[in-house]
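**Q** The structure's right below; bear with me while I get my questions together.
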Ligand code: MN
């Protein structure tokens, strides 16, 4: 468990690109934690025969250090590719044409599983991970996107969600030690689940790395206290209905449900087509909802994703204007009770009955930066580093 800073680090790492019929954007932020242990991968076009129109995206949430998360972000895909994805499966028709055959669904699923087991075995040979100098581990959640399928991949408690037909169409299931299947494996390996943790310590039951939890004699790699085995779910793409996929670590999901995050993302995509901006808004909103963890989000927009609408843009501008004028009004009336702090301003706004509707899933927290900007501009007592605004983060 990491320690916390006096105030959150809110600088963001961003990336975006377009290709293979999709657009993606991502944002990651350290937040309140002393270390940044999240990592991510985004690759458009896989370097294997027949897979130039495939893509891969993943989020890794490291713990006890960033070593395993960073290594996986760089090398997991190549382990998956090396583990049979590069070749057509046994069921693939013999190829006498020039176009190489894409691998079958079963070959892909087996390749993903083997890739996870291989990279874990490989990392185990690193001297710092072997001798316990580095005890880090990492979750991994990803999607491998082919023209026909989504392959949702999960190992740990990060999560991927598909938004389809304006609903949560699919989500991965977190690997928590309390899940019956996970608990059974842990107990069979001689461990126990206490305070919802493996041996009272680790909050996640599947992960890469974490070799302290993978040395039970006589048990295979997928029978240990912590297993590196991913769950892989294939979902046939429905281009008419598929809107976007979100991958995120628990720093996001701790404060937003699948539905809330999807509704929020959808509503922001109607206001901006800049995916980095949308991802940054997700991360900031989660910070303002009280997340104390590192945060990473990857947003993959599919061809039928939400489009910017003039009406949504106008409504958002009206909302911002309303909030600004309310804050100005509150601060101009500041008198006998002294100058209100930002917490008082937020509290006041949260009970404002004249408020136009706030972004679904995001609520007032998603407008905190708008509010804070006016507040800071008008606050005569503002400290240079803006620390007056860092008092409380729960909305
Ligand atoms: Mn986390």
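**Q** Restrict the check to the stretch 282-296 and report whether at least one residue is surrounded by fewer than 24 Cβ atoms within 10 Å (Cβ to Cβ), more than 21 Å from the chain's Cα centre (by Cα) and modelled with pLDDT of 95 or more.
**A** no
**Q** Further, regarding this structure: What tally of residues in the stretch 204-241 results from selecting those that are more than 12 Å from residue 121 (Cα to Cα), surrounded by fewer than 24 Cβ atoms within 10 Å (Cβ to Cβ) and under 20 Å from the mean Cα position of the chain (by Cα)?
**A** Residues that pass the stated criteria total 5.
**Q** Further question on the same structure: When you check residue 250 against the structure, is it out of contact with any strand residue (DSSP E or B) (no Cβ under 8 Å at 6 or more places or on another chain), at pLDDT 95 or above and within 16 Å of the ligand (Cβ to nearest atom), yes or no?
**A** Values: out of contact with any strand residue (DSSP E or B) (no Cβ under 8 Å at 6 or more places or on another chain): no; at pLDDT 95 or above: yes; within 16 Å of the ligand (Cβ to nearest atom): yes.
Taking the combined requirement at face value, the residue does not satisfy it.
**Q** Any residue in the stretch 132-143 that is on the phi > 0 side of the Ramachandran plot sitting within a Cβ distance under 9 Å of a residue that is not in a loop (DSSP other than H, G, I, E, B)? List the pairs, counting only those 6 or more apart or interchain.
**A** Partner pairs satisfying both residue conditions: 132/211; 132/212.
**Q** Follow-up. Suppose the filter is modelled with pLDDT under 95, surrounded by fewer than 22 Cβ atoms within 10 Å (Cβ to Cβ) and away from the ligand (no atom under 16 Å from the Cβ); does residue 134 pass it? Step through it out loud before you land on a result.
**A** On the way: modelled with pLDDT under 95: no; surrounded by fewer than 22 Cβ atoms within 10 Å (Cβ to Cβ): yes; away from the ligand (no atom under 16 Å from the Cβ): yes.
For residue 134, the condition - modelled with pLDDT under 95, surrounded by fewer than 22 Cβ atoms within 10 Å (Cβ to Cβ) and away from the ligand (no atom under 16 Å from the Cβ) - is not met.
**Q** Could I ask something else about it? Name the one entry in 226, 245 that is more than 23 Å from residue 316 (Cα to Cα) and within 16 Å of the ligand (Cβ to nearest atom).
**A** On the way: 245 fails: within 16 Å of the ligand (Cβ to nearest atom).
When all the criteria are applied, what remains is 226.
**Q** I'm trying to understand the selection: among the residues of the stretch 253-283, which are in contact (Cβ under 8 Å) with a residue 60 or more places away in the chain, within 16 Å of the ligand (Cβ to nearest atom) and outside any helix (DSSP H, G or I)?
**A** Correct list: 256 only.
**Q** Which residue is modelled with the lowest pLDDT, if the candidates are limited to the stretch 101-122 and must be crowded, with 16+ Cβ neighbours inside 10 Å and more than 17 Å from residue 221 (Cβ to Cβ)? Before you say what the answer is, go through the steps one by one.
**A** Quick first cut of the stretch 101-122, residues crowded, with 16+ Cβ neighbours inside 10 Å only: 101-103, 105, 107-120.
Okay, now just the ones that are also more than 17 Å from residue 221 (Cβ to Cβ), so 101-103, 105, 107-109.
Numbers: 101: 73, 102: 77, 103: 86, 105: 94, 107: 92, 108: 94, 109: 96.
Per the stated criteria, the residue is 101.
**Q** Looking at the stretch 284-328, which of its residues are within 16 Å of the ligand (Cβ to nearest atom) and part of a loop (DSSP other than H, G, I, E, B)? Break it down into steps so the answer makes sense when it comes.
**A** Kept after step one, since they are within 16 Å of the ligand (Cβ to nearest atom), are these residues of the stretch 284-328: 286-287, 289-298.
Once the filter is applied, which keeps residues that are within 16 Å of the ligand (Cβ to nearest atom) and part of a loop (DSSP other than H, G, I, E, B), the stretch 284-328 yields 289, 290, 291, 292, 293, 294.
**Q** Now, a different point. Between 125, 146, which is over 24 Å from the mean Cα position of the chain (by Cα) and either away from the ligand (no atom under 16 Å from the Cβ) or at pLDDT 95 or above (or both)?
**A** Details: 146 fails: over 24 Å from the mean Cα position of the chain (by Cα).
The conditions single out 125.
The values are calculated or read from the model by the stated rules, or taken from the named source; none is laboratory data. Worth saying up front: this structure is predicted, and the values here are computed from it rather than measured. Positions of Cβ are generated from backbone atoms using ideal geometry, with glycine treated the same way; all protein chains shown enter the neighbour counts.
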